[in-house]
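A short reminder: the numbers here are calculations on the coordinates, not readings from a lab. If you're wondering where the values come from, they're calculated on a predicted model, not measured in any experiment. Every residue, glycine as well, gets a Cβ built from its backbone with ideal geometry; the counts of neighbours run over all protein chains shown.
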Amino acid sequence: MSSIGSTAPGAPSPSPSVPTPPAATKKALSRRKRRHPLLRALRIGSGSLLLLVGFIAGLLPILQGWIFVLAGLSLLSTEVRLVRKGRIIALRRYRRWRRSRSRPGAMP
């Protein structure tokens, strides 16, 4: 009798196509708050609209487009992982720049 593929009678067969996540990932997924799909769609839609208005307003001399761009990115960073990572990278660079400016004798 071969031991490959044999399980005890009544035991669930292991599924090789679905890997089980590590324990740390399971904890992170259980702590993550689920948002209502309609609210998520509304937040993504309004963030995208503000971003679009910001880019268009950047071409006009009357409106300040960067305000709309920052507001749109702020809304999108709560829902879109790529925007969130970009925000984190930008904050790190800004803090590094501020530290370099505050040191005495630092060259511009």
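See the values below:
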read-out	value
Efficiency of FRET between PHE55 and TRP97 - r from beta-carbon atoms, R0 30 angstrom, step 0.05	0.75
Backbone HN-Hα couplings from phi across the range 94-101 [Karplus 6.51/-1.76/1.60, Hz, Gly and Pro as x]	5, 5, 5, 5, 5, 5, 5, 6
Whole-percent pair-distance distribution, where bins are 5 Å wide, for the alpha carbons of the range 36-102	4, 18, 18, 19, 17, 13, 8, 2, 1, 0
